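*Asks:* One structure is given below, represented as structure tokens, and several questions about it will come after.
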Amino acid sequence: MKRKMQMALSLMLALTFVFVTACSTSNTDSGNGTTTPETTNAANEPPAEPMTIRFATGNNPNWDDMQSDIGKFIKEKTGITIKPEFPVGGSSDEMLALMVATDEYPDLVVPGSATNKMVDAGALLDLRPLIEEHAPNIKKVYGEYYNRLRWSKDDDAIYTLSLTGVDHTYFDSGSGFQLQHQVLEAAGYPEIKTVKDFEAAIKAYLEKNPTTEDGQPNIGLSLNGGEWQILISVTNPAFYATGAPDDGEFFINQETYDAIMHYQRPEEREYFRWLNHMNDIGLLDPESFIQKYDQYKAKIASGRVLGLIDQSWDYGQAENALKAEGKFGATYARFPVTLNETFQDHSFHGTGYLPALGIAITKDAQDPVRLIKFLDYLASDEGQVLLNWGIEGKHYNVVDGKRVIPADLLELKTNDNNTFVKTTGIGNYNISARYGDGVKDPSGNYYTTTFPEQIQAAYSEEDKKTLAAYGATTYKDLWPSDDAFPERKYGAAWTLPFDSTSEANVIFQKTQDIMKKRIPEAILAKPEDFDKVYDQFLKDLEDAGVAKMNAEFSKMVKDRVELWSK
């Protein structure tokens, strides 16, 4: 994620649309000390008044219209019916910009990259008074990090509730460079540490297997560079592969907190030179920078793409299609690949709690108090169980005091997650404060279903075989340990927004346009022309005012360090 990833990350939420709800009550029969959603509507509780709320977010192909088990339960328990408003014929950014232009808003919104504009327009309510009076569960979830939600050192307001999990522990990795299991097996599970290792595995397989079993031409490496995911699949990997953490479009000196655009680092030029080389030798998909997202996913789902450089949430839907067809050899293993062995992948460079991807109540909301109470219910212990596990007896059982997903549901969740989400509703209602992976509830069970034993149980046989070949139990075992790097005192710089009316923001938008033109041009150029194109790229950035923007962003990082140090 990054500065340019501010849009990427907000759109990621838009694409995943992970709503998750919360419900349950004490269940003395379960013996697990948690709650069972089915028992929450006790006889002494009056039925909630029906209320339909408008919620603006991004497209979600798995939205269940509140007809799933979880959706129905939410309506019965809270009286709330969620009416999502998806972008029609455009992007989430366009939908949000129209709201600002017309000064008309739904009840709830995930403002993403438009947060600054909406705050400036007075569109978002300050949630702090509402939380203090009506939302003890929300405040409990954020705990010591509650004040990290404040807007700035000059504005104490809380305009959005961060949707990132609190006290999150990463037990697995969904990032890095991906290779099909069949590619690795054919090569005898070679060392995959550098881009040259990655390249060699693809090249060797492609030479022996130019087509799939059904005669389609195999593709060495495809990048999702035709739309906004150029940030995820093309440019973000440049800093990971050259030993830097994700700080948006910037590289931050960890001692001085001075910032430069990460493309200005000589190391990254060499990463893009390698992609240029991959193109030159015919291993890069020539459609990488013109294909639409659906085309990219269709290629992956066909089993033709041997290698990816992406995040699992971006290609996961296509990989699920492969699993559903039983084509596990064409699914992917993940590796922390770097330019050479002098670098370490900083994907898990610590940030502390990172407020991001917020949900807001707008000035046009019909009943802000009821809305904050609704969000507070979703953040309760009861809600967190339903949010992640579902309803006891339907989606999980309690065995010896531990929550366990039945084998048939676990198989559906693992191999056809799209169907699992749409039919159960689990994963479709996460719109409030929540705990991250690794946090346990009062019963001693994890709030989420992502923990080592569950991760390993969900791996396919191909995953297990590959991991065993590399002496690992999860993919994260292949990455540097969590304590390999000191925690960043500013969190992650991609969460720092420019003032939407500032000169720096104007410059930033110009640099994004320049990047989207010059990076593909450099990668697709003849090798002898690569440096000429990249030099022009850097000059274009300079002419756009990148030095002035870097200085402003450096100040913002230093201000964040000061704010969070208090």
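*Asks:* Got a sec? Which of Thr115, Thr169 is closer than 30 Å to Leu467 by Cα and either in a loop (DSSP other than H, G, I, E, B) or within 20 Å of the chain's Cα centre (by Cα) (or both)?
*Replies:* Exactly one residue qualifies, and that residue is Thr169.
*Asks:* Do we find a residue being within 24 Å of Pro190 (Cα to Cα), part of a helix (DSSP H, G or I) and either acidic (Asp, Glu) or at pLDDT below 95 (or both) anywhere in the stretch 296-308?
*Replies:* no
*Asks:* Condition (residue is within 20 Å of Asp499 (Cβ to Cβ), part of a loop (DSSP other than H, G, I, E, B) and in contact with an Asp or Glu (Cβ under 8 Å, 6 or more places away or on another chain)) applied to the stretch 119-129: is it met by at least one residue?
*Replies:* Scanning the stretch 119-129 turns up at least one residue that is within 20 Å of Asp499 (Cβ to Cβ), part of a loop (DSSP other than H, G, I, E, B) and in contact with an Asp or Glu (Cβ under 8 Å, 6 or more places away or on another chain).
*Asks:* Across the stretch 309-324, which residue is modelled with the lowest pLDDT among those that are among the aliphatic types (A, V, I, L, M) and assigned to a helix (DSSP H, G or I)?
*Replies:* Residue satisfying both the conditions and the ranking: Ala324.
*Asks:* Sort out which residues of the stretch 68-108 are out of contact with any Lys or Arg (no Cβ under 6 Å at 6 or more places or on another chain), more than 19 Å from Gly383 (Cα to Cα), without any contact (Cβ under 8 Å) to a residue 40 or more places away in the chain and assigned to a helix (DSSP H, G or I), and write them in order of number.
*Replies:* Glu94, Met95, Ala97, Leu98, Ala101, Thr102
*Asks:* Next up: Being of a type in the set (Phe, Trp, Tyr) and in contact with a strand residue (DSSP E or B) (Cβ under 7 Å, 6 or more places away or on another chain) is the filter; apply it to the stretch 325-361 and report the residue that is modelled with the lowest pLDDT.
*Replies:* Restricting to residues being of a type in the set (Phe, Trp, Tyr) and in contact with a strand residue (DSSP E or B) (Cβ under 7 Å, 6 or more places away or on another chain), the top hit is Tyr353.
*Asks:* Moving to a separate point now. Looking at the stretch 339-369 only, could you name the residues that are more than 30 Å from Asp126 (Cβ to Cβ), hydroxyl-bearing (Ser, Thr, Tyr) and within 18 Å of the chain's Cα centre (by Cα)?
*Replies:* Ser347
*Asks:* While we're here: Select from the stretch 338-382 the residues that are closer than 30 Å to Asp310 by Cβ, of a type in the set (Val, Ile, Thr) and not in a strand (DSSP E or B) and list them in ascending order.
*Replies:* Residues satisfying the conditions are Thr342, Thr351.
*Asks:* Follow-up. Among (1) of a type in the set (Lys, Arg); (2) surrounded by 14 or more Cβ atoms within 10 Å (Cβ to Cβ); (3) over 22 Å from the mean Cα position of the chain (by Cα), where does Lys489 come up short?
*Replies:* Status for Lys489: all satisfied but (3).
*Asks:* Now a separate question. Does Asp441 satisfy being closer than 21 Å to Glu144 by Cα, among the charged types (D, E, K, R) and surrounded by 15 or more Cβ atoms within 10 Å (Cβ to Cβ)?
*Replies:* Here the answer is yes, as Asp441 does meet what is asked.
*Asks:* Test Lys548 against the stated conditions and say whether it is exposed (fewer than 14 other Cβ atoms within 10 Å of the Cβ) and over 25 Å from the mean Cα position of the chain (by Cα).
*Replies:* Yes; evaluated as a whole, the condition is true for this residue.
*Asks:* If Ala157 meets every condition in (1) more than 26 Å from the chain's Cα centre (by Cα); (2) more than 19 Å from Met99 (Cβ to Cβ); (3) assigned to a loop (DSSP other than H, G, I, E, B) apart from one, which number is that one?
*Replies:* (1)
*Asks:* Quick check: is even one residue across the stretch 347-359 hydrophobic (A, V, I, L, M, F, W, C), at positive phi and surrounded by 20 or more Cβ atoms within 10 Å (Cβ to Cβ)?
*Replies:* yes
*Asks:* Quick one: would you say Thr160 is closer than 26 Å to Ile426 by Cβ and among the hydroxyl-bearing types (Ser, Thr, Tyr)?
*Replies:* yes
*Asks:* Restricting the search to the stretch 443-481, which residues are in a helix (DSSP H, G or I), under 23 Å from Tyr240 (Cα atoms) and of a type outside the set (Ser, Thr, Tyr)?
*Replies:* Passing the criteria: Leu467, Lys476, Asp477, Leu478.
*Asks:* Among Gln264, Gln254, which is over 25 Å from Arg304 (Cβ atoms) and over 25 Å from the mean Cα position of the chain (by Cα)?
*Replies:* It is Gln264.
*Asks:* Can you find, within the stretch 388-404, the residue that is surrounded by the fewest Cβ atoms within 10 Å (Cβ to Cβ) among those that are out of contact with any helix residue (DSSP H, G or I) (no Cβ under 7 Å at 6 or more places or on another chain) and aliphatic (A, V, I, L, M)?
*Replies:* Within the stretch 388-404, the match that is surrounded by the fewest Cβ atoms within 10 Å (Cβ to Cβ) is Val399.
*Asks:* Can you tell me how many residues within the stretch 506-530 are in contact (Cβ under 8 Å) with a residue 60 or more places away in the chain and in a helix (DSSP H, G or I)?
*Replies:* Result for the stretch 506-530: 12.
*Asks:* Something else: Between residues in the stretch 249-266 that are surrounded by fewer than 23 Cβ atoms within 10 Å (Cβ to Cβ) and residues that are at pLDDT 95 or above and among the aromatic types (Phe, Trp, Tyr), which pairs lie under 6 Å by C-beta distance while being six or more apart or on different chains?
*Replies:* Ile260/Phe251; Arg265/Phe251
The values are calculated or read from the model by the stated rules, or taken from the named source; none is laboratory data. Source: prediction; values computed, not measured. Glycine gets a Cβ as well: all are built from the backbone with ideal geometry, and neighbour counts include every protein chain shown.
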